[in-house]
Each structure stands twice: as structure tokens, then as C-alpha cells.
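Remarks on the structure that follows.
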Amino acid sequence: MPEISVSLDGITIFLFSLRWLHLFFGIIWIGLLYFFNFINGPFAKTMDADTKKKVVPQLMPRALWWFRWAAMITMISGWLYITAKLHLNDGGLTGPGGLFTSTWGQWISLGATLGSIMWFNVWFIIWPGQKKIITWVKKGESPAEMAGITRKAFLASRLNTYLSVPMLFCMGAASHLPVFNLPIVLGVIVISIAIVWHLVEKVAPKVGSNF
């Protein structure tokens with residue numbers, strides 16, 4: 001068989017490195033998101049006040065450190081990759097192969113938008129709320145505002161769980177699905193909602209209880 005000559009240039013290595021970082025830290029981020037919603041949420045409901053006072057200050061600061069910084073690196077590396085690729089290909093927003101004119105660009109821009117919403121929720125809703133909650137639990141306090149902040153952080157985390165499934169679909173579709181249209185997008189959203197609802201409402205509360 002004839003030998004195939006392959007050469008790597010700096011730009012190729014740079015783009016691949018961004019994708020590698022994006023994938024690695026994305027796994028950490030989404031993995032912890034699913035841990036919080038599928039495992040820790042049902043477990044937290046079984047803890048009494050004394051147990052929470054011991055477990056929460058030890059577990060949550062560690063988990064949330066990895067959670068928020070993985071989200072940050074995932075978001076930065078992803079947008080850097082998109083910007084660099086469009087710049088190098090002279091695609092821009094509306095040119096040939098651009099962000100809004102190619103199926104790659106359409107899927108990746110939708111996925112990046114969903115991911116950016118999730119990143120915002122992590123840094124500006126979930127983490128600020130959890131900092132207060134951890135402090136109160138550590139001190140054994142339960143101020144009147146705690147319930148509202150807990151609920152707000154919970155809803156942001158649950159929203160991220162719902163957004164994560166279509167977001168991941170978009171990331172895969174950008175390279176492997178050469179069609180982008182409204183029926184497919186709506187279908188993905190409906191299926192994603194059904195999957196997450198079933199997992200968090202039906203599976204997560206029961207799994208492991210009969211082990």
C-alpha cells in the first residue's frame with residue numbers, strides 16, 4: 001500500500017488542542033451536573049440537619065469548585081475554537097461556511113448558545129446561591145431567605161440539566177449531521193425534555209434504593 005504523508009502545522013495543533021480541552025473539561029462539567037441532579041439531589045433529601053452540617057461543607061465546596069471552573073474552561077475553549085475556525089476559513093457570520101450559513105455553523109452556534117446559558121446559570125445563579133447555603137448549613141442557620149435561594153439554585157441547575165441534552169446533540173450534529181431545520185431542532189428539544197424528565201423524576205429517586 002502506498003504511504004500516506006501527513007503533516008501537522010501549528011494551526012491544526014492549536015485547533016485540536018482547543019477541542020481536546022473543550023471535551024475534557026466539558027465531561028467534568030456535565031458529569032458533575034448529572035451527579036448533582038441524578039444522585040446528590042435525591043440523597044440530600046434523606047439527610048437530617050446534623051448530617052447536612054457534616055456532609056455539605058465538605059462535599060459541596062469541592063464539587064462546586066470543579067463544577068464552576070470546568071464550566072468556565074469549557075465555555076472559553078469552545079468560543080475560542082469557533083472564533084479561530086471561522087477566522088481561518090474566512091467564513092465569518094454569513095459568508096460561505098459561516099456561522100449562520102453552514103449546517104456546521106448553525107448547529108454549533110445553537111449548541112454554543114445553550115452552553116453559554118448554562119455557564120451563566122453556573123456562575124451567576126447556582127454558585128452565588130450555593131455559597132450562601134453552604135455557609136448557613138455549616139453554621140446550623142436557616143434564615144427566611146434560604147428557601148428562596150435554594151429554590152432558585154435548584155431551578156437553575158435543573159434547567160441546565162434539561163438544556164444539556166440538546167446542547168450535546170448540537171455539538172455532535174455539527175460534525176456528523178449535514179441537515180439543520182426547525183422540525184429536527186424541535187424534535188430534539190421534545191425528546192431531550194422527555195429523557196431528562198424521566199431520569200430525574202422517575203429513575204433518580206428510586207435507583208439504588210433496593211440494592
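Structural remarks
Quick grid of which residues meet (1) surrounded by 15 or more Cβ atoms within 10 Å (Cβ to Cβ); (2) at pLDDT 90 or above:
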residue: 58; (1), (2): no, yes
residue: 71; (1), (2): yes, yes
residue: 76; (1), (2): yes, yes
residue: 81; (1), (2): yes, yes
residue: 87; (1), (2): no, no
residue: 90; (1), (2): no, no
residue: 99; (1), (2): yes, no
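- Single match in 140, 105 (criterion: among the small types (Gly, Ala, Ser) and within 19 Å of residue 176 (Cα to Cα)): 105
Residue-wise test of (1) under 20 Å from residue 37 (Cβ atoms); (2) touching a residue at least 24 places away in the same chain (Cβ under 8 Å); (3) in contact with a Lys or Arg (Cβ under 7 Å, 6 or more places away or on another chain).
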{"residue": "123", "(1), (2), (3)": "yes, yes, yes"}
{"residue": "128", "(1), (2), (3)": "yes, no, no"}
{"residue": "136", "(1), (2), (3)": "no, no, no"}
{"residue": "144", "(1), (2), (3)": "no, no, no"}
{"residue": "149", "(1), (2), (3)": "yes, no, yes"}
{"residue": "160", "(1), (2), (3)": "yes, yes, no"}
{"residue": "176", "(1), (2), (3)": "no, no, no"}
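- Output for the range 179-211, where each listed residue is assigned to a loop (DSSP other than H, G, I, E, B) and either touching a His at 6+ places or on another chain (Cβ under 6 Å) or surrounded by 11 or more Cβ atoms within 10 Å (Cβ to Cβ) (or both): 180, 204, 205, 207
Condition check ((1) surrounded by 14 or more Cβ atoms within 10 Å (Cβ to Cβ); (2) under 24 Å from residue 71 (Cα atoms); (3) at pLDDT 95 or above) across all residues:
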position: 3; (1), (2), (3): no, no, no
position: 15; (1), (2), (3): yes, yes, no
position: 39; (1), (2), (3): no, yes, yes
position: 42; (1), (2), (3): yes, yes, no
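- Selected residue [in a helix (DSSP H, G or I), over 21 Å from residue 75 (Cα atoms) and touching a helix residue (DSSP H, G or I) at 6+ places or on another chain (Cβ under 7 Å)] from 108, 134, 125: 134
- Filtered residue count, the range 112-160, keeping only those that are closer than 20 Å to residue 67 by Cα and either among the hydroxyl-bearing types (Ser, Thr, Tyr) or in contact with a strand residue (DSSP E or B) (Cβ under 8 Å, 6 or more places away or on another chain) (or both): 5
- Test: residue in the range 176-186 that is farther than 30 Å from residue 43 by Cβ and touching a Pro at 6+ places or on another chain (Cβ under 9 Å): yes
- Sub-6 Å Cβ pairs linking a first residue in the range 43-62 that is under 14 Å from residue 140 (Cβ atoms) to a second residue that is outside any helix (DSSP H, G or I) and of a type outside the set (D, E, K, R), at least 6 apart or interchain, are 53/140, ordered by first then second residue.
- For the range 147-157, the count of residues that are assigned to a loop (DSSP other than H, G, I, E, B) and either among the basic types (Lys, Arg) or at pLDDT below 95 (or both) is zero.
- Just one of the listed residues (120, 124) is at pLDDT 95 or above, exposed (fewer than 15 other Cβ atoms within 10 Å of the Cβ) and either in contact with a Pro (Cβ under 9 Å, 6 or more places away or on another chain) or within 30 Å of residue 47 (Cβ to Cβ) (or both), namely 124.
- Checked against the criterion of being farther than 30 Å from residue 204 by Cα and either assigned to a helix (DSSP H, G or I) or among the hydroxyl-bearing types (Ser, Thr, Tyr) (or both), the range 55-66 has no qualifying residue.
- Neighbours by Cβ (under 8 Å, 6+ apart or cross-chain): first from the range 65-82, over 14 Å from residue 111 (Cα atoms); second among the small types (Gly, Ala, Ser): 70/26
The values are calculated or read from the model by the stated rules, or taken from the named source; none is laboratory data. None of these values were measured; they are calculated from a predicted model. Heads up, the Cβs are rebuilt from the backbone with ideal geometry, glycines too, and the neighbour counts pull from every protein chain shown.
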